[in-house]
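**Q** The structure is given below, and queries will be raised subsequently.
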Amino acid sequence: MQVSEIIETLDKWNFWNQTIDTGFPRYGYVEKLRRHLNMPEITALTGVRRSGKSTIALQLIEGLIASGTKPENTLYVNFEEPNFGDTLNVRFLGKLFDAYLEFYDPQERIYIFLDEIQLVSGWERFVASLYDRRMNIKIFVTGSSSKLLKGEISTLLSGRYISEIIYPVSFSEFLVFKDIKHDRRIKTPKLNHVLREYMQFGGFPRVVTEGDEYNKKMILSEYFNSIVEKDVLLR
């Protein structure tokens, strides 16, 4: 890919020239991850498929920009992007980063978010290199638990990282989404009703935001097949 093609592709995913819908706010995780921003270590976000890792990364970027960080000082890369095709290797990562630096020439601290990083062969060499050069960069990487097991990250990045597990929506978050204010000490029919819904359908963000019960079941069925086949059986 040429530099212009790389930037054009990245532009679709970044806040440089647009606002992005970041979905249902996960304030608890965003606040927790804000504490990582000034730490030099690479932050690895792991968790089950569809638990909201990518959305939380975008919400963190959105918060950075709202706090005064220039949009061009943030870089979000989704490695499931079809335009990247079969070019996903450590050499391409270097080319992509150089294209970003050439086009935007960001000053001050840079925040890089590499989403579904396990799709890139040799990614750990690129990330470790940026870290070891002590550049003014904070790096976040995300991947599903089956691809970025804690022990394996430890082997790949050997002391250069800290990790956070992202879980599906908790019941407390579920109540916020439903706009239900409650006293934990008092059980009400309304609270019992939403608890029943939560126990039946769980907290995957896409399922929580879906209003149709039949569609909820269809989405969950696909999640089940994907997790069992790709994350359990295949491994």
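The values are calculated or read from the model by the stated rules, or taken from the named source; none is laboratory data. None of the values given here were measured: they were computed from a predicted structure. Using ideal geometry, Cβ is built from the backbone for each residue, glycine included, and neighbour counts are taken over all protein chains shown. Just the protein is used for accessible areas: all its heavy atoms, side chains included, with ligands, DNA and RNA removed. Shrake-Rupley method; radii C 1.70, N 1.55, O 1.52, S 1.80 Å.
**Q** Could you check the stretch 159-196 and list, in sequence order, the residues that are more than 14 Å from V208 (Cβ to Cβ), in contact (Cβ under 8 Å) with a residue 24 or more places away in the chain and open to solvent by 70 Å² or more (accessible area, probe 1.4 Å)?
**A** The one that is more than 14 Å from V208 (Cβ to Cβ), in contact (Cβ under 8 Å) with a residue 24 or more places away in the chain and open to solvent by 70 Å² or more (accessible area, probe 1.4 Å): I165.
**Q** Would you confirm, using the coordinates I've provided, whether T55 is assigned to a helix (DSSP H, G or I) and either under 14 Å from the mean Cα position of the chain (by Cα) or under 16 Å from E164 (Cα atoms) (or both)?
**A** Yes.
**Q** Working carefully through the options F103, F113, F140, find the one that is crowded, with 16+ Cβ neighbours inside 10 Å, at pLDDT 90 or above and over 24 Å from T55 (Cα atoms).
**A** F103
**Q** Moving to a separate point now. How about the stretch 118-136: which of its residues are buried (at least 19 other Cβ atoms within 10 Å of the Cβ) and either charged (D, E, K, R) or under 17 Å from N14 (Cα atoms) (or both)?
**A** Residue satisfying the conditions is E124 alone.
**Q** Is it the case that the stretch 25-32 has a residue that's in contact with a Phe, Trp or Tyr (Cβ under 6 Å, 6 or more places away or on another chain) and surrounded by fewer than 19 Cβ atoms within 10 Å (Cβ to Cβ)?
**A** no
**Q** Let me ask something else about it. Select the helices (runs of 4 or more DSSP H) contained entirely in the stretch 182-235, then report the ones holding at least 1 residues which are more than 25 Å from the chain's Cα centre (by Cα) and either β-branched (V, I, T) or at positive phi (or both).
**A** 189-201
**Q** Still on this structure, I have one more. Answer yes or no: is there a residue in the stretch 89-101 that is under 13 Å from the mean Cα position of the chain (by Cα) and among the basic types (K, R).
**A** no
**Q** Out of F126, F140, report the one residue that is within 30 Å of K95 (Cβ to Cβ) and touching a Phe, Trp or Tyr at 6+ places or on another chain (Cβ under 6 Å).
**A** F140
**Q** Tell me whether the stretch 35-48 contains one or more residues that are under 18 Å from W13 (Cβ atoms) and open to solvent by 70 Å² or more (accessible area, probe 1.4 Å).
**A** Scanning the stretch 35-48 turns up no residue that is under 18 Å from W13 (Cβ atoms) and open to solvent by 70 Å² or more (accessible area, probe 1.4 Å).
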